[in-house]
Amino acid sequence: MGLEIYKSLEMLLGPIFLWHDNWHPMGVLFLQFGFRFIYDAASRTEAKLDTVLKNKTWSWILARSEELVTIQSQLSLVELKDEDTVKWSATKSGSFSCAATYDEIRVKADEVDWWKVLWFNFAIRRHAFIGWLTIKNKLSTRERIAQ
């Protein structure tokens, strides 16, 4: 689920991890290539994206492996902007909202027609909860406890 949330963020040049974040067109580089690749790139596992950027241009070391050549050849697909921004794609405005986040990560199901019978203003919560358990056929009865 963590990667899904990262995909919801459009992050540009901020404190993004070079190997562990989803900034490259190929996805998370560490998941694609592993520790050996980081060693071949003469880098550290905790390196940030800005370690390979100097004045908004890519400054990688010379490629020592085919994988590094592949990664460097696709860098032109990454759009570099003047300013760091974070955009939350769960809302139209791009600003963060707890409600939009919950709506993004929750399991969505069809609306049931009986909900108004139980969940209404001034409903006694205890009765509504017991009614909900009954409708879901999950209420503990003597028969169920005996089983």
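The values are calculated or read from the model by the stated rules, or taken from the named source; none is laboratory data. What you see is a predicted model, and the numbers here were worked out from it, not measured in a lab. Reconstructed Cβ throughout: ideal geometry from the backbone, glycine too, with neighbour counts over all protein chains shown.
What the table shows:
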| quantity | calculated |
| --- | --- |
| Any hit, region 38-56, residues being surrounded by 13 or more Cβ atoms within 10 Å (Cβ to Cβ), aliphatic (A, V, I, L, M) and assigned to a strand (DSSP E or B) | yes |
| Index of the failed condition, Glu46 passing every other in (1) over 20 Å from Trp19 (Cβ atoms); (2) assigned by TED's automatic domain parsing to the domain that holds Leu29; (3) within 26 Å of the chain's Cα centre (by Cα) | (1) |
| Selection within region 39-74 - in contact with a strand residue (DSSP E or B) (Cβ under 8 Å, 6 or more places away or on another chain) and either of a type in the set (A, V, I, L, M, F, W, C) or more than 18 Å from Pro25 (Cβ to Cβ) (or both) | Glu46, Ala47, Lys48, Leu49, Val52, Ser59, Ile71 |
| Test set (1) touching a Leu at 6+ places or on another chain (Cβ under 7 Å); (2) over 25 Å from Pro15 (Cα atoms) - Arg106 fails condition number | (1) |
